[in-house]
Amino acid sequence: MHPFHVYNTYTKNKEVFEPGEPGLVRMYNCGPTVYNRQHIGNFRSFLFADTLRRWLEYRGLRVRQVMNITDVGHLQGDADVEGEDKIEVQARREQLDPKAIADSYAEQFLKDMKDLGVREPELYPRATDHIPEMLAIIDDLVAKGHAYRAGDNVYFDVTTFERYGRLSGNRVDDLEAGARIEVRDEKRNPADFALWKSDEKHLMKWDSPYGEHGFPGWHIECSAMAIKHLGEKLDIHTGGEDNIFPHHECEIAQSECHTGEPFARYWLHAKFLQVDGGKMAKSLGNVYTLDDVRERGFDVRVLRYALIRGHYRQPLNFTWDIMTESRTALEKLDELADRLRRIQDGQGGAADAAAGAELATAARAKFEDGLNDDLNMPQALSSLFELRSAVLDGKLGRDSARTAADFLREADGVLGVLRSEEAATELQPAAQALLDAREQARKDKDWAGSDRLRDELLEHGIVIQDTPEGTIWRLK
Ligand code: AMP
Ligand code: ZN
């Protein structure tokens, strides 16, 4: 197979992906802050991570994937001095303790991920389980002169890390000039960010050399969890585009000053899911959850398809029309799978010729070439629709249908959207009886009866089609 090229936000280039250790990919994905139900925009980023992992696995690599759960320290402003801890704000709102808030939204998040068919990462570590690891890095950064204590707060001195700003394209000078937020006098430089903060009023707090009432900054959490579970050198680090600055910029600075090694070799970022051309965000109140999607009558796998079918580096504007389109597209792919099954069972299909096998092979090549080009999903998907047209045009026979079905199964290992084999082939006995009765009605030329039975089948979610080879059915 051709090499896999990825766009690296760090170098601003498409590069050939090679893991540091042959055969093994160490990948860290910035996960959710569990103060609220995750919205479908968040899931765009997580599904991007899942697709990437699945593609690496398709390519025969083993992936050690870690996605964190942030349950403390993420302030409302994303920058480190603005606003309150998001979880504590929600705890007050719901009159629960912060742990109960974090636990319940984390559980909901894990359920939503399962419902979306996300392959489970090796680990979902939680920030509050890694306080000693964070403090160890902070102590080391203070000892090396990259961080300093100001009262009971600890800041990272951005002027001690020459590459600060390389990922995001920000320059320290500009950041200082542009710093609007009430700049704390205690910082050496306005762009310095907090590693550890002290606040007696904070509900979640830990004893440390920096006082008794401290809690970590959001950025140090990811460095500590990534290093602990994946080692000092990662292959891939992902997040949504808003994570580039300050979050990932700060992660790089503190991790590299701590280990003396480059932190992650490839930085990949998914563009936002938008609504009406703007950001979908909890704070803007324009978010949808999986339940909203279900209430509108859509299967969650249709949402999965809608969120992965575009290119991850293109913004995606969410509309319900896109969901309808996605449902239609998925029905076509389900139909492709059904047709291939039937042809293998001897229903329909061409006398097998070399041309059929070539079509199946070409579809696989196009699919692979697409995904190898920085996960170009639109190209990859077009290979499936072209294959479907060829199948509907009767160009495949039994053997080539097997080749094509094998490819489709593997392709769906990456996409994760097709109806499961069991769902596709298992017919409720009642539905089978209706099908048999309709066959009989047709033989008896009882067209009215046959039409009535067709409607009844539709109520069971079964769509039938009469073809020269006989009646075929598919699930709606
Ligand atoms: P949060 O729970 O706010 O920490 O966000 C979790 C993840 O979702 C982060 O990687 C964000 O970059 C990502 N994210 C947030 N909003 C969106 C959006 N509208 N579209 C895509 N990703 C998003
Ligand atoms: Zn993170």
(request) Kindly write out, for the stretch 201-213 in residue order, the coupling ³J(HN,Hα) from the Karplus curve 6.51 cos²θ - 1.76 cosθ + 1.60 (θ = phi - 60°), rounded to whole Hz, with x marking Gly and Pro. (result) 7, 5, 6, 8, 8, 10, 6, 7, x, 9, x, 8, 10
(message) Quick query: amide H of Val25 versus all other amide H atoms, modeled in the peptide plane; which residues come in under 5 Å with a sequence gap of 5 or more or a different chain?
(response) Arg62, Val63, Arg64
(message) For a quick check: with amide H placed at 1.01 Å from N, whose amide H comes under 5 Å from Val118's, ignoring anything fewer than 5 positions away on the same chain?
(response) none
(request) Hey, can you find the accessible area per residue of the chain for me, probe 1.4 Å, expressed in square angstrom? (result) 44
(message) I'd like to verify something in the chain: which complete DSSP H helices, judged by Cα projection on the helix axis, reach 15 Å or more and average at least 0.0 on the Kyte-Doolittle scale?
(response) 131-143, 218-230, 377-392
(message) Restricting to bridges with both residues inside the chain, how much of the DSSP beta-bridge set is antiparallel, in percent to the nearest 5?
(response) 55
(message) Can you bin every Cα-Cα distance in the stretch 290-424 into 10 Å intervals starting at zero and give me the percent of pairs per bin, rounded to whole numbers?
(response) 12, 41, 32, 13, 2
(request) Quickly estimate the mean residue ellipticity at 222 nm for the chain, helices only: each DSSP H run with n ≥ 4 gives -39500 (n - 2.57), and the total goes over all residues, rounded to 500. (result) -14500 deg cm²/dmol
(message) Can you list residues from other chains, or at least 5 along the same chain, whose modelled amide H is less than 5 Å from the amide H of Leu396?
(response) Ala350
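Rounded to a whole number of µm²/s, how large is the Stokes-Einstein D of the stretch 427-475 at 4 °C and 1.567 mPa s, given Rh as the Kirkwood radius over C-alpha pairs?
122
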(message) Taking R0 as 56 Å, what FRET efficiency do you get between Leu458 and Asp97 from their Cβ-Cβ distance, rounded to the nearest 0.05?
(response) 0.65
(request) At a Cα cut-off below 24 Å, give the lysines reachable from Lys99, other chains included and same-chain residues fewer than 8 away excluded. (result) Lys86, Lys111, Lys114, Lys197, Lys201, Lys205, Lys228, Lys282
(message) Can you tell me, using C-alpha contacts under 8 Å and at least 6 residues apart, the relative contact order of the stretch 290-424 as a whole percent?
(response) 32
(message) Need the list of lysines near Lys366 for cross-linking: C-alpha distance under 25 angstrom, and skip anything on the same chain fewer than eight residues off.
(response) Lys14, Lys271, Lys332, Lys395
(request) May I ask for the distance between the Cα centers of the stretch 196-216 and the stretch 366-389, given as a whole number of Å? (result) 51
(message) How large is log10 of I(q)/I(0) for the chain at q = 0.08, 0.11 Å⁻¹ when the intensity is taken from the Debye formula with one equal scatterer per alpha-carbon?
(response) -0.57, -0.93
(message) How many angstrom lie between the Cα centre of the stretch 430-473 and the Cα centre of the stretch 40-74?
(response) 44
(message) Once ligands and nucleic acids are excluded and a 1.4 Å probe is used, how much of Arg301 is accessible, expressed in Å² to the nearest 10?
(response) 60
(request) Could you look at the chain and say what percent of its accessible area is carbon and sulfur, using a 1.4 Å probe and all protein chains? (result) 47
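Any chance you could run the full-extension gain for Asp185 through Asp292? It's 0.36 nm times the residue separation minus the Cα-Cα distance, nm to one decimal.
Between Asp185 and Asp292, full extension yields an extra 33.9 nm.
The values are calculated or read from the model by the stated rules, or taken from the named source; none is laboratory data. Owing to the predicted nature of the structure, the values given are computational and were not obtained by experimental measurement. Reconstructed Cβ throughout: ideal geometry from the backbone, glycine too, with neighbour counts over all protein chains shown. Quick note on the areas: whole protein, heavy atoms, side chains included, nothing else; ligands and nucleic acids left out. Shrake-Rupley method; radii C 1.70, N 1.55, O 1.52, S 1.80 Å.
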